[in-house]
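One structure is given here, and the rest of the page talks about it.
The values are calculated or read from the model by the stated rules, or taken from the named source; none is laboratory data. These numbers were taken from a predicted model, which means no experiment stands behind them. Quick reminder, even Gly has a Cβ in these numbers, built from the backbone with ideal geometry, and neighbours come from all protein chains shown.
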Amino acid sequence: MILDLMRLMLFPALMAFAAASDLFTMTISNRVSLLLVAGFAVLAGFGGMGSHDLLSHLGAGAAVLAVAFTCFAFGWVGGGDAKLAAATGLWFGFDPLLEYLVYASLFGGALTLLLLQFRQLPLPYALGSQPWLLKLHHKETGIPYGIALALGALMVYPETEWIKAIDLTRLAMH
């Protein structure tokens, strides 16, 4: 039952935290990515993930890490975004990875367009006392892409093997 609760809550909670953190601070703590990796290790180990599936998940995480850090090296994404994307790739494996990346890209594009428009408008005086909003409104500030990564992940997660493996009848009995 504890594994089922972890499958149900850990990944979504950490993704939501990453999105909120990126929105309010423009950073995603390394602890979030490390907790995602540790949570994956616990669930894969105690959940009985086979060696083929484990290697697939590790390969997906490594592939996303390589691409994301190349993007980071060119200044296209932040380091926290790169690590979050890689940890998400680890959780998803190759099967839903493309769907996740498409969703994250679409949400990222929409977020970018929204923020560019938001930054063209004057910030209402009543909101000017919010430091996080002032930073978000500043034209030189980047895009908190962790929001798009989290939204993409949360769109895909319900269809993953992690959720399909949950015994909902056993959870409902407790």
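Only residues that are among the hydrophobic types (A, V, I, L, M, F, W, C), closer than 17 Å to Ala41 by Cβ and more than 15 Å from the chain's Cα centre (by Cα) were counted across the stretch 6-27, and they come to 1.
Across the stretch 94-118, the number of residues qualifying as touching a helix residue (DSSP H, G or I) at 6+ places or on another chain (Cβ under 6 Å) and in a helix (DSSP H, G or I) comes to 8. Gly78 satisfies every condition listed in (1) more than 17 Å from the chain's Cα centre (by Cα); (2) in contact (Cβ under 8 Å) with a residue 60 or more places away in the chain; (3) within 23 Å of Ile143 (Cβ to Cβ) except (1).
Considered as a group, the residues in the stretch 25-41 that are in a helix (DSSP H, G or I) and among the polar types (S, T, N, Q) include one that is farthest from Gly61 (Cα to Cα), and that residue is Thr25.
Matching residues to (1) modelled with pLDDT of 95 or more; (2) surrounded by 13 or more Cβ atoms within 10 Å (Cβ to Cβ); (3) closer than 30 Å to Asp53 by Cβ:
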site: Asp95; (1), (2), (3): no, yes, yes
site: Gln117; (1), (2), (3): yes, no, no
site: Ala126; (1), (2), (3): no, no, no
site: Gln130; (1), (2), (3): no, yes, no
site: Tyr145; (1), (2), (3): yes, yes, yes
site: Val156; (1), (2), (3): yes, yes, yes
site: Arg170; (1), (2), (3): no, no, yes
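Of all residues in the stretch 42-51, those satisfying the criterion of being part of a helix (DSSP H, G or I) and surrounded by fewer than 17 Cβ atoms within 10 Å (Cβ to Cβ) are Val42, Gly45, Phe46, Ser51.
The set of residues in the stretch 8-26 that are under 15 Å from Trp132 (Cα atoms), surrounded by fewer than 21 Cβ atoms within 10 Å (Cβ to Cβ) and of a type in the set (A, V, I, L, M) comprises Ala20, Leu23, Met26. Within the stretch 133-148, can you find the residues that are within 25 Å of Glu99 (Cβ to Cβ) and in a loop (DSSP other than H, G, I, E, B)? Those that are within 25 Å of Glu99 (Cβ to Cβ) and in a loop (DSSP other than H, G, I, E, B): Ile143, Pro144, Tyr145. Being in contact with a Ser or Thr (Cβ under 8 Å, 6 or more places away or on another chain) and among the charged types (D, E, K, R) holds for only one residue in Lys139, Lys135, and it is Lys135.
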